[in-house]
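Here the structure is laid out as structure tokens; the discussion comes afterwards.
The values are calculated or read from the model by the stated rules, or taken from the named source; none is laboratory data. Not measured: the values here are computed from a predicted model. Cβ coordinates were reconstructed from backbone atoms using ideal geometry, including for glycine residues, and neighbour counts include every protein chain displayed. SASA here: full protein model, heavy atoms, side chains in, ligands and nucleic acids out. Shrake-Rupley method; radii C 1.70, N 1.55, O 1.52, S 1.80 Å.
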Amino acid sequence: MASNGKSSERQRIAQQRLRIIAGHLRKQEEADHIEIAAQECKAESSRTDTAKPNSVPKRRQEIMKWNGWGYSDSKFLFNKKGQAEFTGKRYRLSGLILPSLKEWFEGTFGANLQHKSPAAAALNAGAVPPPNLSESFVEELKATDIPFSHDAEDRVFRSHGHCLHEIFGLREGQYGRCPDMVVWPNCHIDVVKIVELACKHNVCLMPYGGGTSVSSALECPPEETRSIVSLDTSQMNQILWIDEKNLTAHVEAGIIGQDLERLLNESGYCTGHEPDSMEFSSLGGWVATRASGMKKNIYGNIEDLVVHIKMVTPRGVIEKSCQGPRMSTGPDVHHFILGSEGTLGVVTEVTMKIRPVPEYQKYGSVVFPNFQQGVACLREVAKQRCAPASIRLMDNEQFQFGHALKPQVSSMFTSFLDGLKKFYITKFKGFDPQQLCVATLLFEGDREKVLQHEKQVYDIAAKFGGLAAGEDNGQRGYMLTFVIAYLRDLGMDYYVMGESFETSVPWDRVLDLCRNVKERIVRECKEKGVQFPPLSTCRVTQTYDSGACVYFYFAFNYRGLSDPLNVYLQVEHAAREEILANGGSLSHHHGVGKLRKEWMQDAVSSVGLGMLKSVKEYVDPDNIFGNRNLL
Amino acid sequence: MASKSLCSRRDPVLKKRDDFEDVLEERRNSSDLRYAFKCYAPVLYKGLSPCTPTMLKTVVLQSEPLQYAINQVSAESGESVELVQEEAAAILEEMAHRLKLSTVRFFAFTLSKAFKRLFHSVCVNEEGLQRLQQAIHEHPVVLLPSHRSYMDFLMMSYILYTCDLKLPVIAAGMDFMSMKFVGEMLRMSGAFFIRRSFGGDKLYWAVFSEYVKTMLRSGYAPIEFFLEGTRSRTSKSLTPKLGLLNIAMEPFFKGEVFDVSLMPVSISYERVLEEALYARELLGVPKPKESTSGLLKARKIFSEDYGSMHVYFGSPVSVRSLAQGRINRSQYNLVPRHIPQKPSNEIQSFVNDTAYQLVRMQEENMVLKPWVLIATVLMQNLDGMELSQLVEQTVWLRDLARSFGAFLDWPDHTSSSKVVSSSLSLHRNLASVCGGRVCLLVGRPPGPESPETALFERAVSVLSCASYRNQILHVFLRPALLAVAMQAATSPRKDEVYNCFSFLRNMFSNEFILCPGESVQDFDEACYLLMKCGAVQMLPQGIGTTDSGRVTLPYLCAMLEPFMQGYQVVCRYLCEETTDNLTEKQFVPAVRSFAVKLHLAGSLRCYEALSSDLQKNALAALLRLNAVKKVKMADQVVLKVNKMAVNSLEDTLGGKIPTQKPVLARL
């Protein structure tokens, strides 16, 4: 547009100025609107005490579940009438009745509300093995005034991530090897001191950010004999500065996603980095796992967003000397840090790109007659490089899953409209309800461009038989990803266990991979004696020029299995093998941790693995950062 | 490893087999016309996207792999892409089937009439069909019938139509195409035609493989082809051909389908329609060209009785389970899948092993009629024998075969002598009973009688009879090899016997279905079976013969004797008679006339030596063992014989020199 000539450029500037002025005039209302839009799906946390950004207390168990996902006050349950509801006040779904969830739940899993498998009520501190403390380390640490604890609850809370087997174990009251103590550094200097002491006293350090890992990365290696210290970064949560000229912000790495966005929003900015776990996951964790955000199409993944990283290692502090936007200075040392999964040191401070908060946001959705058509459409969108902030394609099972989360409709009119829509799509357009699938969209930018962009994407979709299906369906699709982990807890109350996993794969193999992995899961479950067909579903969740990220959910009813956890682990293992055999990667953004370590050599070749090992050997010869992830 | 998952080889006797039902029975009791027009609504593949034969062609022509090949051929030959594209379309036009239900109904009607005249019964295992139906629903299916007769694929489609199963598309040789009208009829009943050889033709290969893979991937219909590549003229299973199997497995390797089910089907005939034709063909009379007029002339077969036939649908074999832990599918990750890649050694040996396993599964489920046992006995008494003796020996052999796990169809409540005499009467063209003596019938030569023509006629009847014995050879093969090895070994020590066994096995692995690399398993199986029937026992000093073994073992040796002799004749010919310029083409006729000479001189009594099948197999073995080499000279292929090596092989076979590892190693 800008190339159209000077006059149009001038026009644009004038328009922009007008907009800004108009923006000032209705600032209050507009800002509110944006905030709601960005937060609709996520918990709207402690908006009242904005002075103190800290939404993660040291004693996390005070507000979060110790053996499940998320906030203690928010959970799904089936009430006395057998209707599903979501408790609490934090989410859009909170306090609502979900009338169709029960039927979906029972129908999909063959589960029964009479058959409950409740979790252990409270943490039994007596069952937690006593800490193995390094007296000399504790002594010197006391002198630094850095807070620490060896309370059983604190330690158990940091002994796990959110893999199914970890949560399942906790619910059964099984506590594996726990960290022996927890320290809460307040700033970079604190971390330097802790690492120095750890080296001096040969203590094992395990960095802990948001605790949302799904790769067994936080599991303490059982063979570790030294004292294990969990280094909780949650108190390092300040935005140190914002540079509006260069659009960067310098942030302490312990800050969690929702705080970072909220604080930046207050200054009119955002990072745009929104992984599904952003309510709880931390900046340092994103860097350490090569995280990916839902809106990466506009903002990029974490590796595109970071400008500068400071990390404390046993060898000292690593950082670059300037903030040039790109450098040719040999292999990028940032890439030793990105994805190092806590094996090399602690990321303490990060300079990140920021963007002005977008003026306008709009959800959308498209229904396709089948998954093939949907994938073809996403491929075309990627080809034309016109992907909206987010574009996801859910398969039929996941569409039905999403549908089951529809809250009770308040008016006859809405339910009549829903019926009409359904009639139009299935009867008039002839879509098979057992085949159709839905793409959910999120557009962001200035209003005009969003509308234009929207039209472009819908036009492409139409070529692949797609029908626009409204904002509601779109929004509900995104909601699913934020509540899925809460839903898993509900499932586990009724003999249903499940997990999600992901991969990235070239475009031409997307369909084959999805079909084969889903079928492999069904097949494996059957072979392992699972009584009911499992839920095995996927979505294409990110698009790239040359491929896509695919996300799988799988869950099954484990009643009647003597060792359900083992069955689950075998099925998950088989599913990963299937992914690799079909040309998928070991992980797109979850990381390797200890769960996927066995495939690491195949994934990067033995020379590649050797390279990584030699870096580890140089940086941390005594394996102070001994979580044994990755390598 | 794969072999274990397929079937437990240790005790084939325990194998459970399904019961049969006669599909013709209903045809004899109700209207054929109504049957031909019955409602046909088979179960389809769950992932099927509906498609007509014409759409299929378009999909194939526009497919990425074919487009890639077209561009490559165009770049190499300098012809324009459009021209090559047209060529491809023409190839596909020549190849593609045009399955039409109306034609199928026509066949259903006429074949009902024909089959009722030809056969007493056509027995099919119902459970196998249920397994097939299940398999068709779940995954793309490849049907792999044994091939003994032209009847095979007609019968397959007939049965599937009758049982309301999805009709297959069938890979057929181009020979049928030359039959006017009939070729087109076959095409409309699901046959697609492939040239017999197209080694270097990239475009042809691309069209062909993409055509097959497209049908497979879409689950369009079960794909049927013959692993053996051609009809076996000897009733022995032929060494499997790998081309089509390779193509059929590739969609699985490349992740384009979740799995492929391979279904071996065993078709056995009590009397093979082409029985005498085959024997003549083996003796060098060229096979009559497939032609419509030839077909009409063959009408006379309708006046004869061909007994019953059995079709056994085996268990579907999942390529996925076979490949589990053996094939690393990620080897295809780094190249776009439409670009053809030469299969890795890993893949090649996997396909080869699988093919052998499948042929063995076909063999194991072949139903054997009493006549097969009778023929085996007669083959050891070519000068004729007393009927009572024949009955006695047949019963003895039946029990031995049973203990080895043979799939016998021996009537339960009939006396043995009745069973034998009714078999003899069905096969009265081959054997006759006069004055209580049974002997092979020898036809009269059409022209003036000479020693050569008399020999020829005698050979025809012996080879016909041999083809029935061959049906059961697979049951006795391993124990028989062991029996010969024990005879040849200088001591009963197990390792020494094994050396002999392994030598023989190696020598005959073009003759019989012996899975590559399973020498030890075969040896164990042979030992197990012979111990089980009480013929041998394991002693501290080695393998010992028991009293009953003194009858059994020589009998088993005698069964292999014709092959032992035949191979020696071939070796002798190569050592004594060849000039330097023996071409590959001359080989068979030359060996034949050498064998005829020996026969007429009275120094050879073995008729198998006259069979071109044995001669070719022996040559293939010698080539494999590097005792003979092929050398391209001008436009001919010349055989270079390493006389010393061939000579030592001959002596080893003849028992003149003991088998020793070094002998083999030197070769």
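Using only Cα atoms, figure out Rg for the protein assembly as shown and give it as a multiple of 2.2 N^0.38 Å. Intermediate results must be reported in sequence, preceding the final value.
Details: Rg = 38.3 Å, N = 1298, 2.2 N^0.38 = 33.5 Å.
Output field value: 1.14.
How many partner chain Cβ atoms sit within 10 Å of a residue's Cβ in peptide A:583-591, on average, as a whole number?
Numbers: counts 8, 3, 1, 0, 0, 0, 0, 0, 0.
Per-residue shielding by partner chains comes out at 1.
What is chain B's relative contact order, in percent, from Cα pairs under 8 angstrom and six or more apart in sequence?
13
Please give the charge dipole size of the protein assembly as shown, origin at the Cα centre, charges +1 on K and R Cβ atoms and -1 on D and E Cβ atoms. Round to the nearest 20 debye.
It works out to roughly 2520 debye.
Suppose every K and R has +1 on its Cβ and every D and E has -1 on its Cβ; what is the size of the dipole of the range A:518-581 about the Cα centre, in Debye to the nearest 20?
Computed charge dipole of the range A:518-581: roughly 220 debye.
Would you list the membrane-span-like helices of chain B, meaning whole DSSP H runs whose alpha-carbon atoms span at least 30 Å along their axis and whose mean Kyte-Doolittle value is at least 0.0?
B:451-488, B:549-576
For chain A, what does the helix formula give at 222 nm: sum of -39500 (n - 2.57) over DSSP H segments with n ≥ 4, over the residue count, nearest 500 deg cm²/dmol?
Details: 20 runs with 239 residues, N = 631.
Helix-only estimate at 222 nm: -11500 deg cm²/dmol.
Determine the relative contact order of the range A:239-356: mean sequence separation of Cα pairs under 8 Å and six or more apart, normalised by residue count, in whole percent.
It rounds to 34 percent for the range A:239-356.
Averaged over its residues, how many other protein chain Cβ atoms are within 10 Å of peptide A:503-514's Cβ atoms?
Across the residues of A:503-514, the mean count of other-chain Cβ atoms within 10 Å is 2.
Remind me, relative contact order of chain A in percent, using alpha carbon pairs under 8 angstrom and six or more residues apart? Provide the component values of the computation, followed by the final result.
On the way: 1184 pairs, mean separation 95.6, N = 631.
Here the relative contact order equals 15 percent.
So which of A:LYS296/A:LYS463; B:LYS632/B:LYS656; A:LYS295/A:LYS526; A:LYS353/A:LYS383 end up more than 31 Å apart by C-alpha?
B:LYS632/B:LYS656; A:LYS295/A:LYS526
Which whole number gives the average, over all residues in B:325-332, of C-beta atoms from other chains lying within 10 Å of the residue C-beta?
Across the residues of B:325-332, the mean count of other-chain Cβ atoms within 10 Å is 3.
What figure in square angstrom, to the nearest 10, would you give for the accessible area of B:LEU48 with a 1.4 Å probe?
Number for this one is 50 Å².
Using 0.36 nm times the number of residues separating B:GLU184 and B:THR230, minus their current alpha carbon distance, what extension gain do you get?
Details: separation 46, 0.36 × 46 = 16.56 nm, distance 2.04 nm.
The span from B:GLU184 to B:THR230 would gain 14.5 nm if fully extended.
Pop out the carbon and sulfur fraction of the accessible area of the range A:495-589 as a percent, whole number, probe 1.4 Å.
Values: 1480 of 2900 Å².
Carbon and sulfur together cover 51 percent of it.
For the range B:404-537, what is the charge dipole size about the Cα centre, in debye to the nearest 20, if Lys and Arg each add +1 at the Cβ and Asp and Glu each add -1 at the Cβ? Working shown, then result.
Details: 11 positive and 12 negative charges, 87 e Å.
That gives a dipole near 420 debye.
Okay, helix-only estimate at 222 nm for chain B: each DSSP H run of n ≥ 4 adds -39500 (n - 2.57), divide by all residues, round to 500 deg cm²/dmol; what do you get?
-16500 deg cm²/dmol
Which of the GluC sites (Glu not before Pro) across the range B:76-106 are loop residues per DSSP, with 15 or fewer other Cβ within 10 Å?
B:GLU79
Heavy-atom accessible area of A:SER340 with all protein chains present, probe 1.4 Å, nearest 10 Å²?
Accessible surface of A:SER340 is approximately 10 Å².
Please identify the GluC sites (Glu not before Pro) of the range B:280-349 that satisfy two criteria: DSSP loop assignment and at most 14 other Cβ atoms within 10 Å. Which are they?
B:GLU304
May I ask you to list, by number, the DSSP H helices of chain A whose Cα span along the axis is at least 15 Å and whose average Kyte-Doolittle hydropathy reaches 0.0 or more?
Span-like helices in chain A: A:188-201, A:371-383, A:412-423, A:564-581, A:600-619.
For chain B, with every protein chain kept in place, what is the accessible area per residue (1.4 Å probe, Å²)? Don't skip to the end; give the middle numbers.
On the way: 27480 Å² over 667 residues.
Solvent-accessible surface per residue comes out at 41 Å².
Run through the DSSP bridge list for the protein assembly as shown and note the antiparallel percent, rounded to the nearest 5.
Given both bridge residues lie in the protein assembly as shown, the antiparallel proportion sits at roughly 80 percent.
Would you mind checking the range B:315-355 for residues with the amide N under 15 Å from a putative spin-label position 7 Å along Cα→C-beta of B:ARG17?
Zone members listed by number: B:315.
Report the calculated FRET efficiency for A:GLN456 and A:PHE428 (r = Cβ-Cβ distance, R0 = 25 Å), to the nearest 0.05.
In this case the efficiency is close to 0.45.
Rolling a 1.4 angstrom probe over the protein heavy atoms, how many square angstrom per residue are accessible across chain A? Intermediate results must be reported in sequence, preceding the final value.
Working: 26750 Å² over 631 residues.
Accessible surface, normalised per residue, equals 42 Å².
Which of the trypsin sites (Lys or Arg not before Pro) across the range A:338-413 are loop residues per DSSP, with 16 or fewer other Cβ within 10 Å?
A:ARG385
Among A:ASN557, A:HIS589, A:GLN570, whose Cα sits farthest toward the positive end of the charge dipole of the range A:495-589 (+1 at Cβ of Lys/Arg, -1 at Cβ of Asp/Glu, about the Cα centre)?
Farthest towards the positive end: A:ASN557.
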